[in-house]
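Report on the structure given below.
The values are calculated or read from the model by the stated rules, or taken from the named source; none is laboratory data. None of the values given here were measured: they were computed from a predicted structure. So basically every Cβ, Gly included, is an ideal-geometry build from the backbone, and we count neighbours across all protein chains shown.
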Amino acid sequence: MLDNDFSPVVEADKAHVWHHLFQHKALESRDPRIIVEGKGLSVWDQNGREFLDAVSGGVWTVNVGYGRESIADAVREQLVKMNYFAGAAGSVPGALFAEKLISKMPGMSRVYYTNSGSEANEKAFKMVRQIAHKRFGGKKRKILFRERDYHGTTIAALSAGGQPERNAQYGPFAPGFVEVPHCLEYRAQWDLTGEAYGQRAADAIEEVILREGPDTVGALCLEPVTAGGGVITPPPGYWERVQEICRKHDVLLHIDEVVCGLGRTGTWFGYQNYGIEPDFVTMAKGVASGYAAIACCVTSERVFDLFKTDASDPLDHFRDISTFGGCTAGPAAAIENMRIIEDEGLLDNTLAMGARLLDNLNALSEKHAAVGDVRGKGLFCGVELVADRGDRTPLDEKTVAAVVAECDRNGVIIGMTNRSLPGLNNTLCLSPALTVSAEQIDRISDTIDAALTTVLG
Ligand code: PMP
């Protein structure tokens with residue numbers, strides 16, 4: 001493969017592909033990067049150059065690493081037998097994956113298949129709205145989301161998006177979505193730290209519920225660890241209080257596990273670090289590690305039961321379908337993906353290697369004044385860069401991008417946050433595959449160390 005001449009591919013790409021998150025003017029002076037092969041944590045571009053991928057496919061997806069023949073075999077075997085059937089019928093891998101998944105999610109019960117994280121979130125939003133209509137006379141239909149969180153790219157998902165710069169130019173948005181404050185202690189809105197900050201940030205959610213009226217609020221949708229908005233690990237005591245508030249006001253809790261799901265934080269799901277009992281859990285990226293497109297909206301039996309009413313009323317079920325929710329490649333790949341995580345002990349590796357990565361990154365803060373805050377849970381870490389440690393002025397976006405580019409030049413692909421808030425695009429992101437070794441962890445942090453020295457001195 002690597003001996004191939006990829007120039008026709010490069011020309012075809014330049015002529016016809018519209019890349020995600022990309023200003024195409026840049027291709028007037030250079031070629032696009034085409035990733036042509038992958039194995040483990042390594043990827044190769046069209047010129048045969050090898051990179052260590054520290055972000056699992058750019059957007060924290062390939063949890064079990066590249067080149068997994070057993071997943072390809074499972075998908076092939078399934079596709080030649082039965083590739084697709086949609087609607088009310090089930091499928092063999094659909095049933096077996098649901099059973100396997102629920103066995104790792106005590107308290108949850110039903111899996112609704114779809115094909116992207118955005119769509120999985122929209123399913124949960126629609127369920128909340130339908131519950132409001134069925135049970136609360138159309139009230140309790142507002143959905144709360146958090147500043148800096150992201151739930152997807154469609155207009156309704158963007159309406160629940162807490163990153164204003166990402167939403168700019170795409171309004172008007174859907175009504176009925178209300179923002180609550182973020183919980184990033186490093187950029188605290190109140191003069192508090194530790195548990196006191198965690199409690200205060202959670203209480204801020206209750207203030208919004210009380211302001212809007214508890215009888216109008218149906219659900220609260222949160223990421224367990226905010227991903228693109230800054231790799232924000234929750235402060236102590238936060239989640240316990242959030243759960244209490246939701247119970248008190250009969251607000252359904254929707255956890256967006258699109259990034260944290262399937263092992264990223266060292267537990268099967270991010271919420272399981274915090275003792276939460278959710279009503280909805282949505283997931284996508286790591287479900288099949290990118291070997292097939294699959295996403296799920298998982299609900300508790302309590303939610304499912306609300307839809308089990310009068311079988312004779314044709315309007316009285318969840319009136320929703322996802323065409324590609326009927327593809328069998330997704331659940332076939334997902335079963336094998338889970339088997340790999342289990343049999344190779346990848347949750348334990350995530351905890352061990354995540355701790356090593358966090359230690360290495362914390363050591364960087366002793367060496368580089370630009371390292372303002374280091375955050376992480378499992379193999380999901382962020383390094384917030386600042387121009388001034390004293391007043392925490394964020395490092396400007398161009399300089400942060402130069403650090404990322406310098407790592408790339410040295411063969412390590414790392415990421416940076418989205419423009420979560422104006423002026424705040426200053427966090428390096430790391431999310432290597434859960435198979436990462438100690439040597440690879442050290443290479444990632446050594447490369448960042450060298451890039452900070454080169455760019456910032
Ligand atoms: N939720 C979160 C937390 C995400 O990070 C993303 C994607 N980056 C989504 C939802 C949307 O997923 P998708 O791109 O598959 O629609």
Any residue in region 35-56 that is over 21 Å from the mean Cα position of the chain (by Cα), over 30 Å from THR447 (Cα atoms) and surrounded by fewer than 14 Cβ atoms within 10 Å (Cβ to Cβ)? no
Among the strands (runs of 3 or more DSSP E) confined wholly to region 241-341, which include 3 or more residues that are in contact with a Lys or Arg (Cβ under 9 Å, 6 or more places away or on another chain)? 295-300
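Can you tell me how many residues in region 39-97 are within 16 Å of the ligand (Cβ to nearest atom) and of a type in the set (A, V, I, L, M, F, W, C)?
Going through region 39-97, the residues within 16 Å of the ligand (Cβ to nearest atom) turn out to be 55-63.
With the extra rule that they be of a type in the set (A, V, I, L, M, F, W, C), the set shrinks to 55, 59-60, 62.
The total comes to 4.
Just checking, which of VAL386, VAL404, VAL400 is free of Cβ contacts under 8 Å to residues at least 60 places away in the same chain, of a type outside the set (D, E, K, R) and not in a helix (DSSP H, G or I)?
Numbers: VAL404 fails: not in a helix (DSSP H, G or I); VAL400 fails: not in a helix (DSSP H, G or I).
Exactly one of VAL386, VAL404, VAL400 is free of Cβ contacts under 8 Å to residues at least 60 places away in the same chain, of a type outside the set (D, E, K, R) and not in a helix (DSSP H, G or I), namely VAL386.
So that you can scan it fast, the table gives a plain yes or no per residue for (1) farther than 21 Å from ILE155 by Cα; (2) crowded, with 23+ Cβ neighbours inside 10 Å; (3) out of contact with any helix residue (DSSP H, G or I) (no Cβ under 8 Å at 6 or more places or on another chain):
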residue: PHE85; (1), (2), (3): yes, no, no
residue: GLY90; (1), (2), (3): yes, no, yes
residue: ALA95; (1), (2), (3): yes, no, yes
residue: ILE102; (1), (2), (3): yes, no, yes
residue: ARG110; (1), (2), (3): yes, no, no
residue: ASN115; (1), (2), (3): no, no, no
residue: ALA124; (1), (2), (3): no, yes, yes
Residue count, region 266-280 (criterion: away from the ligand (no atom under 13 Å from the Cβ) and in contact with a helix residue (DSSP H, G or I) (Cβ under 8 Å, 6 or more places away or on another chain)): 9
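Among what's in region 1-30 and is part of a loop (DSSP other than H, G, I, E, B) and charged (D, E, K, R), pick the residue that is surrounded by the fewest Cβ atoms within 10 Å (Cβ to Cβ).
The initial filter retains those residues of region 1-30 that are part of a loop (DSSP other than H, G, I, E, B), namely 1-6, 17-23, 29-30.
Still in the list and also charged (D, E, K, R): 3, 5, 30.
On the way: ASP3: 5, ASP5: 8, ARG30: 7.
Looking at the filtered set, the residue picked out is ASP3.
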If you take the residues of region 168-214 that are among the hydrophobic types (A, V, I, L, M, F, W, C) and part of a helix (DSSP H, G or I), which of them is surrounded by the fewest Cβ atoms within 10 Å (Cβ to Cβ)? LEU210
For region 106-121, pairs from a residue that is assigned by TED's automatic domain parsing to the domain that holds SER322 to a residue that is within 10 Å of the ligand (Cβ to nearest atom) and of a type in the set (Asp, Glu), with Cβ under 7 Å and 6 or more apart or across chains, are ASN121/ASP256
Matching residues in region 215-231 (assigned to a strand (DSSP E or B) and either closer than 16 Å to PHE269 by Cα or away from the ligand (no atom under 16 Å from the Cβ) (or both)) number 5
Among the residues of region 17-38, is any within 28 Å of CYS381 (Cβ to Cβ) and hydroxyl-bearing (Ser, Thr, Tyr)? no
When both residues are 6+ apart or on different chains and their Cβ atoms are under 9 Å apart, which pairs have a first residue that lies in region 142-155 and is in the same structural domain as CYS246 (by TED's automatic domain parsing), and a second that is away from the ligand (no atom under 12 Å from the Cβ) and acidic (Asp, Glu)? LYS142/GLU212; LEU144/GLU179; LEU144/GLU212; PHE145/GLU179; ARG146/GLU179; GLU147/GLU179
Could you list, in sequence order, the residues of region 329-383 that are at positive phi and free of Cβ contacts under 8 Å to residues at least 40 places away in the same chain? GLY345
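Can you tell which of GLU384, GLU336 is in the same structural domain as THR265 (by TED's automatic domain parsing) and modelled with pLDDT of 95 or more? Steps first, please.
Numbers: GLU384 fails: in the same structural domain as THR265 (by TED's automatic domain parsing).
Being in the same structural domain as THR265 (by TED's automatic domain parsing) and modelled with pLDDT of 95 or more holds for just one of GLU384, GLU336, which is GLU336.
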Condition test on ALA352, is it over 30 Å from THR114 (Cβ atoms) and modelled with pLDDT of 95 or more? yes
Filter result for GLY378 (in a loop (DSSP other than H, G, I, E, B), under 26 Å from the mean Cα position of the chain (by Cα), within 16 Å of the ligand (Cβ to nearest atom) and outside the structural domain of THR226 (by TED's automatic domain parsing)): yes
Consider region 135-161. How many of its residues are within 12 Å of the ligand (Cβ to nearest atom), part of a loop (DSSP other than H, G, I, E, B) and either farther than 14 Å from GLU223 by Cα or among the polar types (S, T, N, Q) (or both)? 2
Can you confirm whether region 246-260 contains a residue that is modelled with pLDDT of 95 or more, within 16 Å of the ligand (Cβ to nearest atom), over 30 Å from ARG187 (Cα atoms) and of a type outside the set (Ser, Thr, Tyr)? no
Test of understanding: among ARG76, ARG33, which residue is in a helix (DSSP H, G or I) and either at pLDDT below 95 or of a type in the set (Lys, Arg) (or both)? ARG76
